[in-house]
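Notes for the one structure printed next.
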Amino acid sequence: MRTLRIGVIDLVAQGPTKSLWARVMHANLASIMPQVVAAWCKRQGHEVSFLCYTGLEDLATLLPQNLDLVFIGAFTESALLAYALSNQFHAQGTVTVLGGPHARCYPQDAQKYFDYVLGFTNESIIQEVLLDCARHSPLGLRLSAQRQPTHLPSVQERWELIEPTTKKAPLIKMVPLLASIGCPYTCSFCIDSTVPYQVFDFEATKADLRFLLTKFKRPLVAWHDPNFGVRFDQLMDAIDDAVPPNRIDFIAESSLSLLSEPHLKRLKHTGFKALLPGIESWFDLGEKSRTGSIQGIEKVRRVADHVNLVLRYIPYVQTNFVLGMDGDSGEEPFSLTRRFIDLAPGAFPGYSLLTAFGEAAPLNLEYQRDSRVIGFPFTFLNNNGAMNVKPLNYDWPEFYRQVIDLTKYSFSSRAILKRITGTSKVVPKWMNVVRAVSSEGYGRIRYYGEIRQRLLSDAGFRDYFEQETDILPEFYIDRIRTTLGRFWDWLPEGAIHHNPNAYLASQVGTPVAASDEERSVA
Ligand code: B12
Ligand code: SF4
C-alpha cells in the first residue's frame with residue numbers, strides 16, 4: 001500500500017474564537033480517539049499531521065495542503081464546522097472521514113458530507129478505510145466495529161500528539177485517560193446505556209500513569225470514563241500500585257452510587273481533586289444516586305447529605321442535572337433544586353437542557369415516535385444552546401422562566417459566596433466564581449432571557465418551537481454565521497437542516513441505498 005498523507009483533526013471548537021474560555025480551557029477538552037486514530041495510522045507507516053483545533057489556530061496553514069485523507073473527530077455542536085471543513089477538503093481532492101459523538105448520533109446526516117462515517121472504531125476499521133481511501137458520493141460509507149475497542153495505543157506512543165496539545169493550555173494542563181469504556185447502568189437517556197462495560201488492561205493503565213510521572217512535576221489526569229470506578233477496588237489498586245499517594249491530581253465523572261465513604265477516603269488518599277456525579281432528576285433515575293425509589297424532597301435531603309460527604313474528601317464537586325425530563329412537572333423540580341443548592345452550597349450545579357442526540361439513546365426513539373423532536377441546527381445541540389425535545393409538562397415560556405429563575409438563583413451573589421465558603425481549596429473557589437460569572441452562569445441567564453423574550457414576542461419564533469413551522473428563525477441562522485466565521489462560506493447547501501426523525505426512519509425499515517447500509521466489522 002502506498003504511503004498516504006493523512007491529517008487528523010480533533011474539533012474542540014465550533015469555529016474561530018479568541019474567547020478567554022477557549023484560551024484557557026479548550027485544549028483541556030481534547031479527545032483521546034483522534035490521537036488514537038493518528039497513532040494507528042502511523043503504525044501503518046503513513047505520514048500523519050495532527051491538530052487539536054481549539055478555535056485559535058489557523059487551520060489553513062497548520063495542515064499540509066495536499067492531504068490524501070483527513071479524519072475529523074466532532075461533537076454535534078461542531079458538526080457544521082466539520083461539514084464545512086469536509087467540503088473544503090473535498091475541493092482539494094482530499095478524502096474525508098468523520099468519527100466521534102456526532103458520527104455515532106447522526107450517521108445518516110453525516111453520510112451526505114463525508115466519504116466515511118465511523119461508529120465504534122478499532123484498528124481494523126481504520127485499516128479498512130486506509131486501504132479503500134476513496135471518494136464515496138452522494139452518500140459516504142458507514143463503518144462500525146461490533147463493539148468498542150479492547151485496547152488503545154499507550155500514552156507513550158501518543159505523547160508526540162498529546163504534548164503539543166497540553167502546551168496550548170496556559171494554566172491548567174489536563175491529560176485525558178480512559179481506564180474503562182461503556183457502563184453497566186441503563187439510564188435510558190444515555191449513549192452508554194446500551195454499551196457493555198469493559199475495563200482496559202490494568203497494566204496498560206499503570207504504564208500510562210508511570211509515563212506521565214516522567215513528563216510532569218505533578219500531572220493532572222482527567223478520566224474520560226463514562227462512569228469512573230465501577231470496578232472500584234481493582235482500578236484503585238492499579239492506580240495506587242503505579243503512583244505514590246497524592247502525586248497525580250485526578251478528575252472523574254462517577255455516579256453517587258459508587259461514592260461511598262470508604263471509596264471517598266481512598267479517592268482522597270490517591271489524589272482525586274474533582275468529581276462530577278450525575279443527579280439528573282429528583283423524580284427519576286434513583287439507581288444512579290443510590291436513592292432507589294425515593295423521590296422529591298426526601299431524595300434532595302439524601303443527595304445533599306451525600307454530596308456534602310463527598311465535599312469533605314474531594315475539594316471540587318460538580319453535580320449534574322437534566323432539566324425538562326418527562327418525570328418533571330410544575331414548579332416542584334426547580335424549587336427542589338434550589339433547596340438542594342441551599343443544602344449543599346459547596347457543589348457547583350451543572351445544568352443540561354434535555355437533548356435527544358439523534359440515535360444516541362433508546363429513549364430518543366420514543367421522542368421521535370411522539371413527534372416531539374425539533375430540528376434545531378446542530379450548532380445548538382450541546383445541552384444548553386437549545387432543548388430539542390418539546391417538554392411534556394411545560395409550555396415553552398413557562399419552562400424557560402423556570403430555567404432562568406433556577407440559573408439566577410444558582411449564580412446569585414449569595415449562592416456564589418456560599419459556594420466559596422463551602423469549598424476548602426483556593427483553585428476550586430476560583431473555578432466556581434469564574435464559571436458563575438462567565439458564559440456558563442451569567443451568559444446563560446442572558447441567553448435564556450433572550451429566548452424567552454422572543455418566545456413571547458415573535459410569533460414565527462414561537463411557531464418553530466411549537467413545530468407549527470419548519471422555517472428556522474433568523475436568530476439561529478445569524479448565530480451560526482457568527483460562530484462559523486470564515487468557514488460559513490464552505491458550509492454545504494442545506495447543511496443547516498437535518499431530519500430530526502432519522503433514527504426512527506432507520507428503525508422502521510425505510511428503504512436505504514446500498515451504500516447507506518452500515519457494515520459491521522468485528
Ligand atoms: C468524557 C466525556 C466528556 C469529557 C471529554 C470530552 C472529549 N473531548 O472527549 C468532557 C467533560 C470534557 C466533555 C465535554 C462535553 N461533552 Co461529553 N461526554 C463524555 C462521555 C461521558 C464519555 C465519552 C468518551 O470519551 N467515551 C469513550 C470513547 C472512546 O468512546 P466513544 O465516545 O463512544 O467513541 C467511540 C467512537 O465514537 C469513535 N470515535 C470517537 N472519537 C473519534 C474521533 C475520530 C477521528 C474517529 C475516527 C473515531 C472516533 O471511537 C470510539 C471507540 O469506538 C460521554 C457520555 C458517555 N456516557 O459516553 C459524553 C458525551 C460524549 N458528551 C456530550 C456533550 C454534549 C458534551 C459537551 C458539548 C457538553 C457541554 N455543553 O459542554 C462538551 C463538549 C466538549 C468538546 N467539544 O470537546 C454528548 C455528545 C453528544 C453529541 N452527539 O455531541 C455525550 C454523548 C453525552 C450526552 N449528553 O449524551 N464530555
Ligand atoms: S451511569 Fe452515567 S454513563 Fe452510565 S448509563 Fe447512566 S448516565 Fe450513562
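Applying the Karplus relation 6.51 cos²θ - 1.76 cosθ + 1.60 with θ = phi - 60° to the stretch 139-147 yields 3J(HN,Hα) values of 10, x, 7, 9, 10, 8, 6, 6, 8 Hz, where x marks Gly and Pro. Taking all protein chains as shown and a probe of 1.4 angstrom, Arg104 keeps an accessible surface of around 70 Å². Here's the picture: charge each Lys and Arg Cβ at +1 and each Asp and Glu Cβ at -1 in the stretch 202-327, and of Thr214, Leu311, Val230 the one pushed furthest to the positive end of that dipole is Thr214.
Given axes a ≥ b ≥ c from the Cα gyration tensor, I'd like to know whether the stretch 1-56 is rounded (a/c under 1.5), prolate (a/b larger than b/c) or oblate.
prolate
Please work out the average accessible area per residue across the chain, using the 1.4 Å probe convention, and give it in Å². Result: 41 Å² of accessible area for each residue. The H on the amide N of Thr96, modeled in the peptide plane, is under 5 Å from the matching H of Val70, Asp115, Tyr116, each at least 5 residues off or on a different chain.
Counting only DSSP beta bridges whose two residues both lie in the chain, roughly 5 percent are antiparallel. Near Leu323, the amide H atoms lying under 5 Å from its own belong to Ser352, Leu353, Leu354; only residues 5 or more places off or on other chains count, and H is placed 1.01 Å from N. Apolar share of the accessible surface for the chain: 52 percent from carbon plus sulfur atoms, 1.4 Å probe.
For the chain, a/c is not less than 1.5, where a ≥ b ≥ c are the root eigenvalues of the C-alpha gyration tensor, and a/b does not top b/c. That puts it in the oblate class.
Ranking of Met25, Met33, Met1 by solvent-accessible surface, largest first: Met1, Met33, Met25 (1.4 Å probe, protein heavy atoms only, all chains present). For the stretch 425-503, the set of GluC sites (Glu not before Pro) satisfying both a DSSP loop assignment and a count of at most 14 other C-beta atoms within 10 Å is given as Glu466, Glu468, Glu493.
Coupling constants for the stretch 174-188 follow from the phi torsions by the Karplus curve (6.51 cos²θ - 1.76 cosθ + 1.60, θ = phi - 60°), and in residue order they are 9, 10, x, 9, 10, 9, 8, 8, x, 7, x, 7, 10, 4, 5 Hz; glycine and proline get x. Placing +1 on the Cβ of every Lys and Arg and -1 on the Cβ of every Asp and Glu, with nothing else charged, gives the stretch 161-307 a dipole about its Cα centre of roughly 680 debye.
Solvent-accessible surface (1.4 Å probe) assigned to Val433 amounts to roughly 50 Å². So what is the diffusion coefficient of the stretch 225-366 in µm² per second by Stokes-Einstein at 10 °C and 1.306 mPa s, using a Kirkwood Rh over Cα pairs? Translational diffusion coefficient: 99 µm²/s.
Excluding same-chain neighbours fewer than eight residues apart, the lysines reachable from Lys299 by a Cα-Cα span under 19 Å are Lys288.
Is the stretch 74-148 rounded, prolate or oblate when judged by the Cα gyration tensor, a ≥ b ≥ c being the square roots of its eigenvalues, rounded requiring a/c under 1.5 and prolate requiring a/b larger than b/c? Note, shape of the stretch 74-148 comes out oblate. In a simple Cβ point-charge model (Lys, Arg +1; Asp, Glu -1; nothing else charged), the chain has a dipole of about 2160 debye relative to its Cα centre.
Database remark: amide H of Ala145 closer than 5 angstrom to the amide H of Gly119, Phe120, Thr121, Asn122, Val521 (H placed geometrically; neighbours at sequence offset of 5 or more, or on other chains; Pro and chain starts carry no H). The value obtained for the stretch 1-152, namely the Cα convex hull volume divided by the number of residues, is 102 Å³ per residue. Treating each Cα of the stretch 332-491 as an identical point scatterer and summing with the Debye formula, the log10 of I(q)/I(0) at q = 0.09 Å⁻¹ comes to -0.36. For the stretch 394-491, trypsin sites (Lys or Arg not before Pro) are listed when DSSP marks them as loop and at most 15 other Cβ atoms sit within 10 Å of their Cβ; the list is Lys425.
The values are calculated or read from the model by the stated rules, or taken from the named source; none is laboratory data. Keep in mind that what you see is a predicted model, and the values were worked out from it rather than measured. Here the Cβ is made from the backbone with ideal geometry for all residues, glycine too, and neighbour counts use every protein chain on show. These area figures cover heavy atoms from the full protein model, side chains too; ligands, DNA and RNA do not enter into them. Shrake-Rupley method; radii C 1.70, N 1.55, O 1.52, S 1.80 Å.
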